[in-house]
1. Enter the Cα centre distance for the pair the range 198-260 and the range 124-170, rounded to the nearest angstrom.
2. If each of S51 and T184 carries a label point 7 Å out from its Cα toward its Cβ, how far apart are those two points in nm?
3. Charges only on Cβ, +1 for Lys and Arg, -1 for Asp and Glu: so what's the dipole of the chain about the Cα centre, in debye to the nearest 20?
4. Cβ under 12 Å from D396's Cβ, D396 left aside: what net charge do those residues give with Lys, Arg +1 and Asp, Glu -1?
5. So which lysines pass the test for K136, namely a Cα distance under 27 Å, with those fewer than 8 places away in the same chain ruled out?
6. For each of M379, M63, M248, count neighbouring Cβ atoms within 10 Å of the residue's Cβ, then give the residues from fewest to most.
7. Is the shape of the range 237-339 best called rounded, prolate or oblate, per the rule: a/c under 1.5 gives rounded, else a/b larger than b/c gives prolate, else oblate, with a ≥ b ≥ c the square roots of the Cα gyration tensor eigenvalues?
8. I need to check one value: relative contact order of the chain, counting alpha carbon pairs closer than 8 Å and at least 6 residues apart, in percent.
Amino acid sequence: MRGRLIKIAVLIFMVGSLSAATFFISRGTRSIETIAAQVPVSYVEENDPSSLSPPFREFVQFMEQELDSTQNVGAAFTIVHGGEVVFTGTYGVREKGSLKEVDEHTLFRMASVSKGFAGVLASMLEQDGAFSLNDKVVEHYPGFLLKDSVSTAKLSIRNLLSHTSGLVPYAFDNLVEADQDLTTIIERLDEVDISAPPGELYGYQNVMFSMLDPIVRNATGIPYKALLQDKIFNPLGMTDASAGPVYMDRNPNLAYPHVRTKNGYVALQPHEGYYNVLPAAGVNASISDMSKWLIALLGYNPEWMSDTILSNISTPVIYTPLKWQYTRYWKPFRERYYSLGWRIYTYQGRQIVYHGGYIRGYRAEIAFCPSEDVGIAFMQNSPNNLASRCVPTFMDLFLK
């Protein structure tokens, strides 16, 4: 972090006990950290977020209030605009009952936000000549077989990344959750019912999407996680990011997952669920990483991410008739599509590129608006509906 760090400790004793929450803010070259106990965040005057422009200031106030009122254990968010980080906030602790605060380098699981990294990586490899997104899967995965021979022959890499394989939605997620090896699951895909030919119908998938892993390994000779590191994480300076299980002895700055019970949130041990499908759900990242990722997605690293790649990920492929609960906090809109690992919304006359993710104990959200040159990311280790509300709230405040 640049600039000076100001720490304010507010100790509040209630019924003989002490509880604490953290809210860390960075804006430009200024920063402030407050430790409080379910009370409004305090600020020193010169770092008061009221000096931010109205939409950003109002959003920070919204987040400050909601992080407390929804009783989050730990969370982080970042806003970028005009190629710069406007504001980054971290809140709370990594594990309930501990004093280890969430900071800008604390790792969270990205869950399905990982799919956006896969879409970009696939577009990069196409640009490098490793394969074409229109190549058939059978060309890169010997022995691949679906229930229908026509679908087997026609299925393309683009179909995998846009959820247009034609298979019934969430095929074999039960085997993913049972921690079966991806190769073993793929060998059973000929048992799955087919709803439509490839390219005609949207049906969300984790297994089919993650076939990108063996495909890129066969095409390049390099494991998927190594390609993410070499082509995305390292060039962008995403020094905390990784794919696959996080081991506490190597990186102890990890936000523990939590689940809500009738007695409040309870911490779980870090688990390896869905790490067997790396492209679909295998990325870990800090809020510092996500600010760099957003800036790149908005076109500020053209030597690394070409206009062609940006166009690939932001061009609609298939209409997505999402259920009401997925967009209930957005103002009504009809134009919603899927591209390559990203959802594309036409919202209030602008294109919003978006994705959310959930895995037991974690929520993550990311969205950016190319025409307005703005983006936001949010993650928490104590899932609640704030994750669903933060992006539409931000967009509504900014676009008004």
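Bear in mind these aren't lab numbers, they're just calculated from the coordinates by the rules spelled out. What you see is a predicted model, and the numbers here were worked out from it, not measured in a lab. Cβ coordinates were reconstructed from backbone atoms using ideal geometry, including for glycine residues, and neighbour counts include every protein chain displayed.
1. 19
2. 5.8
3. Computed charge dipole of the chain: roughly 700 debye.
4. Net charge in that neighbourhood comes out at +3.
5. K115, K147, K154, K225, K231
6. M248, M63, M379
7. oblate
8. After rounding, I find 20 percent.
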